[in-house]
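The values are calculated or read from the model by the stated rules, or taken from the named source; none is laboratory data. Note that the structure is predicted; figures quoted are calculated from it, not measured. No Cβ is skipped: glycine too gets one built from the backbone with ideal geometry, and neighbour counts run over all protein chains shown. For accessibility, only protein heavy atoms count, side chains too; no ligands or nucleic acids. Shrake-Rupley method; radii C 1.70, N 1.55, O 1.52, S 1.80 Å.
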Amino acid sequence: MKSNTSWLDNAVFYEIYPQSFNDTNGDGIGDFNGIIEKLDYIKSLGCNAVWLNPCFESPFGDAGYDVSDYYSAAPRYGTNEDLKRLFEECHKRDMHILLDLVPGHTSVEHNWFKESMKSEKNTYSDRYIWTDSIWEEPQGMGCIRGISDRDGSCAVNFFSHQPALNYGFYKCDRPWQQPMDGEGPRATLEEMKNIMRFWLSMGCDGFRVDMAGSLVKHDEDGKGTIKLWQNVREFLDREFPEAVMVSEWGEPDKSLQGGFHMDFLLHFGPSHYNDLFRCEEPFFSSRGKGNVSEFVSKYEENYEKSEKKGLICIPSGNHDMDRLARSIKGDELKIAFAFLLSMPGAPFIYYGDEIGMRYVEGLASVEGGYGRTGSRSPMQWDNTVNAGFSSAPKEKLYIKQDESADRPTVQSQTADENSLWHEIQQLIRIRQAHKALQSNGEITFVYAEKNAYPLAYMRSAENEKILVIINPAGREVCFECEYAPKEKIYSFGGEINAAEGKISVPPCFSGFYII
Ligand code: GLC
Ligand code: CA
């Protein structure tokens with residue numbers, strides 16, 4: 001069967017953090033019905049796909065990335081039936097939806113873990129990574145110990161209440177380490193496939209996979225983990241050829257080999273993503289003191305390594321990093337979105353970024369959010385109580401909202417035709433009308449010099465070539481360019497001047513030109 005995932009080519013994703021999006025039963029926490037109610041809104045912005053953060057049963061020690069039952073929706077969001085209805089409502093609108101699969105670890109409250117803590121051997125004894133003695137720690141990993149009858153320490157993946165599931169070791173050098181094809185690791189993987197089967201049969205379109213690159217341990221080059229995902233892809237090709245997989249991995253040369261369609265550029269590791277938006281002098285600040293060149297060379301390196309598949313997704317933000325609007329503002333945001341919406345790979349817009357929602361400073365941590373809590377505050381819809389997010393008393397809201405008098409809302413942004421919201425809507429429309437600008441269009445960088453502005457690149461597909469020029473700096477700049485812009489399809493902040501192989505670019509500008 002030939003898989004049909006071609007919708008990805010012009011997909012523009014909207015990331016929904018379910019607890020903070022829209023509350024319809026007044027308990028202060030967002031829910032599935034609330035998401036359904038807002039699908040038309042998402043569509044009106046131009047997004048045609050959704051990534052939903054984990055929405056499964058959980059004690060919420062890490063906001064749901066600590067699953068205690070993979071087969072049940074968390075009651076606070078609704079039932080499995082409600083979630084199924086959400087899938088259907090997306091499809092009715094020609095939209096697609098990815099769930100968040102957390103295969104690396106569970107909550108300590110998962111039944112598997114409770115069983116695996118028992119001293120007598122049972123089906124779940126090898127589901128997690130345990131050493132043979134309480135006195136031996138799993139090397140290089142944090143651990144849980146002293147709470148089980150079983151004599152051993154259990155490796156953890158993230159917080160200390162998230163025990164690592166056992167997919168085996170690429171190289172084993174201790175008796176308790178099991179190879180990937182050991183019985184325990186194989187059973188873990190089969191169970192993960194069952195979970196995928198369950199939700200795909202119910203109608204979801206695929207998964208964003210949490211920490212996808214770290215499942216097999218002692219696997220420095222990722223060879224074991226790649227093999228594991230190839231095995232998953234074979235299963236999907238057999239049973240769900242249309243299932244889409246997007247990885248949180250950050251190494252597209254590896255993840256694409258593993259059968260993922262796209263990989264995220266991460267805000268940690270070597271991607272230089274933070275140079276763009278989140279550092280002392282971001283490239284997208286109008287101060288114009290940023291440096292885009294290291295980002296571009298790393299991007300080009302990944303692009304070459306992944307055979308120009310170009311499916312590296314650059315998100316506007318997510319639930320793990322500061323809001324975009326914490327370090328750049330106003331027109332800078334519009335110019336940043338011109339970049340985000342004209343790069344290869346599907347763009348991901350984090351809920352609220354389309355209205356310039358701010359990072360809420362000084363919040364106490366909620367559900368293991370810590371510094372991330374300020375980026376997870378409830379969506380601001382309108383000027384009614386709690387910005388239209390919920391009818392609950394203010395103190396009951398999942399996280400405190402931005403209380404500034406001028407906080408942006410969907411209502412104010414959609415009413416103002418010069419708003420960020422309208423700029424993004426226009427940019428999405430233009431992207432979707434031009435193949436060259438979409439996920440699979442090629443990219444070549446035309447100008448990306450050290451400590452210099454602008455950034456210019458060519459996107460192309462079939463017979464179409466589009467030159468993108470981005471100048472966030474508050475000064476006019478000029479660059480040499482062998483291409484002569486023919487027709488303008490988008491501009492913000494003035495007009496360029498092209499003559500004799502040189503293009504001069506106004507301050508705070510972005511523009512797309514057919515060549
Ligand atoms: C991913 C998630 C993050 C979570 C972590 C552990 O990085 O995006 O929110 O805390 O994995 O599951
Ligand atoms: Ca609710």
* So for segment 105-166, taking the charge dipole from beta-carbon charges (+1 Lys/Arg, -1 Asp/Glu), which of Ser107, Ser125, Gly142 sits furthest toward the positive end? -> Ser107
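Contact order normalised by length for the chain, with contacts defined as Cα pairs under 8 Å and 6 or more residues apart; what percent is it?
13
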* Structure fact -> Reduced to Cα centres, the span from segment 409-434 to segment 86-134 in Å works out to 39
* Förster radius 30 Å - calculated FRET efficiency between Asn451 and Asp406 (Cβ-Cβ, nearest 0.05) -> 0.30
* To do: Would you work out which of Ile97, Leu467, Ser116 lies farthest towards the positive end of the dipole of the chain? Charges go on Cβ: Lys and Arg +1, Asp and Glu -1.
  => Leu467
* Asked: Which whole DSSP H helices in the chain pass both tests: a Cα extent of 15 Å or more along the axis and a mean Kyte-Doolittle value no lower than -0.5?
  -> 183-202, 420-433
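Beyond 30 Å between alpha-carbons counts as too far, so tell me which of Lys38/Lys435; Lys84/Lys298; Lys84/Lys309; Lys84/Lys396 fall in that bin. Before the final figure, lay out each step's value.
Values: Lys38/Lys435 28 Å; Lys84/Lys298 40 Å; Lys84/Lys309 32 Å; Lys84/Lys396 28 Å.
Flagged as over cut-off: Lys84/Lys298; Lys84/Lys309.
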* In debye to the nearest 20, how big a dipole does segment 48-91 give about its Cα centre with +1 on each Lys and Arg Cβ and -1 on each Asp and Glu Cβ? -> 80
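Mind checking the per residue accessible area of segment 263-352 for me, 1.4 Å probe, whole number of Å²? Before the final figure, lay out the partial values.
Values: 2770 Å² over 90 residues.
For segment 263-352, the per-residue accessible area is 31 Å².
Segment 433-515: which trypsin sites (Lys or Arg not before Pro) are DSSP loop and have at most 16 other beta-carbon atoms within 10 angstrom? Walk me through the numbers on the way to the answer.
Numbers: sites: Lys435, Lys450, Arg459, Lys465, Arg475, Lys486, Lys488, Lys502; in loops: Lys450, Arg475, Lys486.
Those that pass, being in a loop and sparsely packed, are Lys450, Arg475, Lys486.
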* Asked: So what is log10(I(q)/I(0)) for segment 442-514 at q = 0.19 1/Å, when the Debye sum runs over its Cα atoms only?
  -> -0.70
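Using the crude model of +1 on Lys and Arg Cβ and -1 on Asp and Glu Cβ, and no other charge, please compute the dipole size for segment 251-339 relative to its Cα centre, in debye to 20. If you can, show how the numbers build up before the last one.
On the way: 12 positive and 15 negative charges, 61 e Å.
Roughly 300 debye for segment 251-339.
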* Structure fact -> From the Cα centre of segment 152-228 to that of segment 305-362, the distance in Å is 30
* Surface share of carbon and sulfur [accessible, 1.4 angstrom probe, percent] for segment 105-166 -> 48
* Fraction in percent of alpha-carbon pairs per bin - 10 Å, the chain -> 4, 19, 28, 26, 16, 6, 1, 0, 0
* Taking the Cα centre of the chain as the origin and placing charges on Cβ (Lys, Arg +1; Asp, Glu -1), which of Cys47, Trp7, Tyr453 is farthest toward the positive end of the dipole? -> Tyr453
* What's the longest bit of the chain with no exposed chymotrypsin sites (Phe, Trp or Tyr not before Pro), using DSSP loop states and at most 10 other Cβ atoms within 10 Å as the test? -> 269-515
* With charges only on Cβ, +1 for K and R and -1 for D and E, what is the dipole size of the chain about its Cα centre, in debye, rounded to 20? -> 420
* Asked: Where only protein heavy atoms count, and the probe is 1.4 Å, what is the accessible area per residue for segment 442-514 in Å²?
  -> 47
* Asked: Which FRET efficiency value, to the nearest 0.05, do you get for Asn231 and Lys43 by plugging their Cβ-Cβ distance into 1/(1 + (r/R0)^6) with R0 = 41 Å?
  -> 0.70
